[in-house]
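Encoded as structure tokens, the structure appears first; notes follow it.
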């Protein structure tokens, strides 16, 4: 019994010594790594933060070299996809999500936003029909007039698929002589 009381008193005395020693601060005699103890605090927006090496790009970023060059994009960009049934179905799906609200189901520019916003141009105009796939890709990627850029919402592959679907809509409204010849055979 006495031994338990003695141990209890010793432990209380030890806690009291520890508590009192924690209240006393002394400047350390030796600072092991002064550059870590006295490091300057920098914020990311402050000057003095290292700038990236010129030409550095983020891993997730793919630069678009035709930002202000629609003609160059039209000349040099080619659709990497083949117009398979799967690609056309994907293009129709993307068109239905992103394009139909402004351009309408058939691409006439009669989407649901027309009463509130100016009517977008029809995708069946001779001007747009004569655009290359690269030029249409550029317009989707960068935007034009009131149309914003869709580069952050639509992946590059889906943009190319949507272009094939736009071509289907255009050929349905303006069939080529080959299309008419096939239709006559059926």
- Note on the structure: Expressed in angstrom and rounded, the centroid-to-centroid distance over alpha carbons for region 108-186 and region 58-105 is 10
- Item | Rough spin-label spacing in nm, given labels placed 7 Å along Cα→Cβ, for residue 39 and residue 51 | 2.4
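Every number in this text was worked out from the coordinates using simple rules, so none of it is lab data. Please read all numbers here as calculations on a predicted model, not as lab measurements. Counting neighbours? That spans all protein chains shown, and the Cβs are built from the backbone with ideal geometry, glycine included.
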